[in-house]
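Novice: Next up is a structure, given as structure tokens.
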Amino acid sequence: MSKKWNLFSAVALSAIVLTACGTDTTGSTAKNGAEGSSDKKVLEMATSADFPPFESRDTAGNFEGFDIDLANYIADEMGYELKIQDMKFDGLIGALQSDRVDLVLSGMSATDKRKKNVDFSIEYNRSGEMFITLKDSDIQTLEDLEGKTVGVQLGTIQEDGANKIKEDTVDFELKAVDNANILIQELLSNRIDVAYMDKAVAQGYIAEQDLAGFNDPTTSSPGMAVAFPKGSDLIKEVNAAIEKAEESGKLQELKDKWLSEE
Ligand code: ARG
């Protein structure tokens, strides 16, 4: 067991944070790096910190994870101070469209659908999809999903993917919740039979919670990328920083730190 995060603290904390903050995602934000309180330019980032090992909060409430380290690296390279806001995943695109933040790192897959509304950097990670069940579950293949309740996070590619599987392959009830930690709680308390999630995230939950799971054989999703408001002038510099991280081995170092399989 080498995961750098603790599910229970993440769940408890995100519940507290969500209750305390509601959907408050407003606040003055710098558009494309306006001056902050210090003399450093500020990069306003949004994320949905319910997605370890990409983004979560530690017991003290600090953001941590692969995306957080990568964002800090990118900001450093560009000479910006990074400010991070936590919001629901399905609010992130809207926050970019209304220019409330400069960029989003949230394990977000660079889909064609999203490209209509936001721009993306080059991809920085690729994953897959997995179905998670309780350990003693007899659901082990796609066909076994017939008549069951499958949970997904609202606004994710898994929500779209599950709808497609429903149309094409096997019929089940779909339940979308707006927080990935809550999705796991739903599974643990038998309110859903299966959670459908990003593979890297699923593997973490399976190990931490002694769950079971199987790969989705139907999809190959696009890689994760940084998202920006359409036409942002930050894209070039962010791409350069990601390329540098790739070439220098920094990206691999972060993958080894956060994404190595159990
Ligand atoms: N990769 C998936 C998507 O783009 C899920 C991302 C969910 N991220 C999160 N921080 N909850 O839809």
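Novice: Tell me which residues, restricted to region 144-174, are crowded, with 16+ Cβ neighbours inside 10 Å, more than 16 Å from the ligand (Cβ to nearest atom) and either of a type in the set (Gly, Ala, Ser) or within 30 Å of residue 243 (Cβ to Cβ) (or both).
Specialist: Selection gives nothing.
Novice: Okay, next question. Buried (at least 19 other Cβ atoms within 10 Å of the Cβ) and under 30 Å from residue 73 (Cα atoms): is that true of residue 179 in this structure?
Specialist: Yes: the conditions hold for residue 179.
Novice: Then there is this: Mind listing whichever residues of region 170-208 are touching a strand residue (DSSP E or B) at 6+ places or on another chain (Cβ under 7 Å) and among the hydroxyl-bearing types (Ser, Thr, Tyr)?
Specialist: Correct list: 196, 205.
Novice: Which of (1) over 26 Å from residue 113 (Cα atoms); (2) within 16 Å of the ligand (Cβ to nearest atom) does residue 141 not meet, given it meets every other one?
Specialist: (2)
Novice: For residues that are closer than 15 Å to residue 54 by Cβ and surrounded by fewer than 21 Cβ atoms within 10 Å (Cβ to Cβ), scanning just region 210-232, find the one that is nearest to the ligand (Cβ to nearest atom).
Specialist: 221
Novice: A further question follows. Checking the conditions here, which among 76, 112, 102 is more than 20 Å from residue 49 (Cα to Cα) and either away from the ligand (no atom under 16 Å from the Cβ) or buried (at least 16 other Cβ atoms within 10 Å of the Cβ) (or both)? Quick ask: steps written out before the conclusion?
Specialist: Numbers: 112 fails: either away from the ligand (no atom under 16 Å from the Cβ) or buried (at least 16 other Cβ atoms within 10 Å of the Cβ) (or both); 102 fails: more than 20 Å from residue 49 (Cα to Cα).
Being more than 20 Å from residue 49 (Cα to Cα) and either away from the ligand (no atom under 16 Å from the Cβ) or buried (at least 16 other Cβ atoms within 10 Å of the Cβ) (or both) holds for just one of 76, 112, 102, which is 76.
Novice: Any idea how many residues of region 192-209 are within 15 Å of the ligand (Cβ to nearest atom), assigned to a helix (DSSP H, G or I) and under 14 Å from residue 129 (Cβ atoms)?
Specialist: 6
Novice: Working only within region 176-191, note down all residues that are more than 11 Å from the ligand (Cβ to nearest atom) and in a loop (DSSP other than H, G, I, E, B).
Specialist: Passing the criteria: 189, 190, 191.
Novice: Please go through region 50-73 and pick out each residue that is out of contact with any helix residue (DSSP H, G or I) (no Cβ under 7 Å at 6 or more places or on another chain) and near the ligand (Cβ under 9 Å from one of its atoms).
Specialist: Within region 50-73, just 67 meets the criteria.
Any read-out appearing in this document is the output of simple, stated calculations on the displayed coordinates, not a laboratory observation. The shown structure was predicted, so the numbers you read here are calculated from the model rather than taken from an experiment. Note that we place each Cβ from the backbone using ideal geometry, even for glycine, and neighbour counts take in every protein chain shown.
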